[in-house]
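The values are calculated or read from the model by the stated rules, or taken from the named source; none is laboratory data. Here the structure is a predicted model, which is why all the values come from computation and not from measurement. Positions of Cβ are generated from backbone atoms using ideal geometry, with glycine treated the same way; all protein chains shown enter the neighbour counts.
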Amino acid sequence: MQPRDPNEPGRGASPLELFFDLVFVVAVSIAGLELHHALTDAHIVEGLIAYGVVFFGIWWAWMNFTWFATSFATDDWLYRLLTFVQMAGVLLLAAGIGPAFAEHDYAVLILSYVVMRVAMVGQWLRASRSAGPSRRATQLYAAGIAIVQVLWLLQLTLSGPLASAALIVLIGAELAIPIIAERRGGTTPWHPHHITERYGLFTLILLGESLLASTNAIIEALHNNTALGSLISIAVLTLAVTAALWWIYFWPPHHEAINSFGTSLRYGYVHYFVFAAAGALSSGIEVQIDVLTGQSKLSELAANFTVTVPIAIFVLGIWWIAIADNADPIVNTVIPLSAILILFDPFIPLPFTLTAAVLVVVVIFLVLRDAVPRANNSTAAPPETRSSSK
C-alpha cells in the first residue's frame with residue numbers, strides 16, 4: 001500500500017468508491033426524512049441539533065475514507081474487505097438516526113461510527129508499513145483515531161449535560177486529528193482531480209434528494225386537487241433551483257482550490273456545511289409541501305426559511321472554497337449578494353419563485369462571464385478544463 005502519485009494522469013473514482021457512496025444514499029435519505037418530520041412538527045432547534053450531529057457522522061466517515069483513498073488506495077482484497085466493514089457501519093448508522101432524532105439517543109449512532117473508524121485504523125496501520133515520507137503521518141492518524149474511538153465508547157456511559165459536552169469535545173478531537181497528523185507527520189499525497197471529483201459525486205447524491213422531493217410534490221399534487229397548481233409550481237421551481245445549484249457548484253475548477261494544506265483543509269471542512277445544506281434542502285421542500293397541504297405546524301414564513309437558508313449556505317460555501325480565490329471582483333460580488341437576497345426572500349411575496357429567479361440569473365451571469373475570455377482571448381482555457389472531474 002504505497003502512496004499514490006498525486007500527478008497520476010487519468011485518475012478518477014474507482015468502482016469501489018462508487019459502491020461505497022451508495023450506502024451513504026441510505027443514511028442521507030433517512031437523515032433528511034427525520035429532519036423533515038422535526039421541522040414540520042415545529043421542533044426546529046431539536047431537529048437541527050440532531051441533524052448536525054448525525055450529518056457529522058455521515059460526512060466525517062465519508063471524508064476520511066475519501067482522503068485516505070486518494071493517497072493509498074490499492075483495490076486488493078484486504079482493502080476491499082475493510083471498505084465493506086465501513087459500509088456495514090454506515091448501514092448501522094442509518095438505523096440509529098431515528099432514535100437520535102426522536103429520543104436524543106446516540107448509542108447506535110456512536111457504536112456504528114466506531115465500527116467505521118476502527119476499520120480506518122486498520123487501513124492507516126497497513127499504509128504505514130510502506131508509506132515512505134508519510135509514515136509518521138499514517139501512524140499519527142491510526143493512533144489518534146484509535147484513542148478517540150475509546151473515548152467515544154466511554155461517552156456512552158455519560159448522561160445529561162455531561163454527555164452533550166463530551167459529544168462536542170469529541171467532535172472537536174476528530175476534527176483535530178488530520179491537522180495534527182499532516183503538520184507533525186508530513187503531508188500525505190492527494191490527487192486534486194480525484195479528490196474534487198469525489199466531492200462532486202457526493203454533491204450529486206445530495207442534490208438528488210431534492211429531485212426526489214420535487215417528484216414527491218408531483219405525486220402529492222395528483223392526490224390533492226385543492227393545491228394542485230401550487231404543488232406543481234413547487235415541483236418545477238425545485239427542479240430549477242437544483243439545476244442552478246448544480247451549475248454553480250461545477251462552474252469553478254475545483255482542483256485549483258486545493259493547492260496547499262491550508263486550502264485543502266478549508267475545502268474539506270467547509271464542505272460539511274455545503275453537504276449538510278444540500279441535504280437539508282430536500283427537507284425544506286418537503287416542509288413546503290406539508291404547508292400547502294395543511295399538514296405542517298410551521299407558519300408559512302418559517303417554512304420558507306427551511307428552503308432559503310440551505311440554499312444561501314450552499315451558495316456561500318461553494319463561493320468561499322472554490323470560486324472566491326480564482327474569480328474576478330464582479331463574480332465575487334454577484335454570488336455573495338445573490339445568497340443574501342435569497343436569505344431574505346421569505347419576507348417578499350412569492351419567495352421561492354424569487355429564489356429560483358435569482359439563481360437562474362446567477363447561472364446566466366456565470367455563462368456570460370465564461371463566454372467573454374473565450375471570445376476575446378485565443379489563449380483562454382478550453383471549455384473542458386472548467387470541469388473539476390476531468
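Annotations
- Scanning segment 153-179 for residues that are in a helix (DSSP H, G or I) and more than 23 Å from the chain's Cα centre (by Cα) yields 153, 154, 155, 160, 161, 162, 163, 164, 165, 166.
- Scanning segment 146-187 for residues that are surrounded by 12 or more Cβ atoms within 10 Å (Cβ to Cβ) and hydroxyl-bearing (Ser, Thr, Tyr) turns up 164, 187.
- Identity of the residue in segment 1-23, in contact (Cβ under 8 Å) with a residue 12 or more places away in the chain, over 19 Å from residue 76 (Cβ atoms) and in a helix (DSSP H, G or I), that ends up nearest to the chain's Cα centre (by Cα): 21
- Residue pairs whose Cβ atoms lie under 8 Å apart, separated by 6 or more positions or on different chains, with the first residue in segment 209-228 and over 17 Å from residue 311 (Cβ atoms) and crowded, with 17+ Cβ neighbours inside 10 Å and the second modelled with pLDDT under 65 and not aromatic (Phe, Trp, Tyr), are 227/221.
- Filtering segment 8-45 to residues that are charged (D, E, K, R) and exposed (fewer than 14 other Cβ atoms within 10 Å of the Cβ) leaves only 8.
- Filter result for residue 274 (out of contact with any Leu (no Cβ under 6 Å at 6 or more places or on another chain), in contact (Cβ under 8 Å) with a residue 60 or more places away in the chain and closer than 30 Å to residue 15 by Cβ): yes
- Selection from segment 358-378 of residues that are in contact with a helix residue (DSSP H, G or I) (Cβ under 9 Å, 6 or more places away or on another chain) and either among the β-branched types (Val, Ile, Thr) or modelled with pLDDT of 90 or more (or both): 358, 359, 360, 361, 362, 363, 365, 366, 367
- Condition check for residue 71: more than 20 Å from the chain's Cα centre (by Cα) and assigned by TED's automatic domain parsing to the domain that holds residue 178: yes
- One residue stands out in segment 118-145 among those that are of a type in the set (S, T, N, Q) and crowded, with 16+ Cβ neighbours inside 10 Å: the one that is nearest to the chain's Cα centre (by Cα), namely 123.
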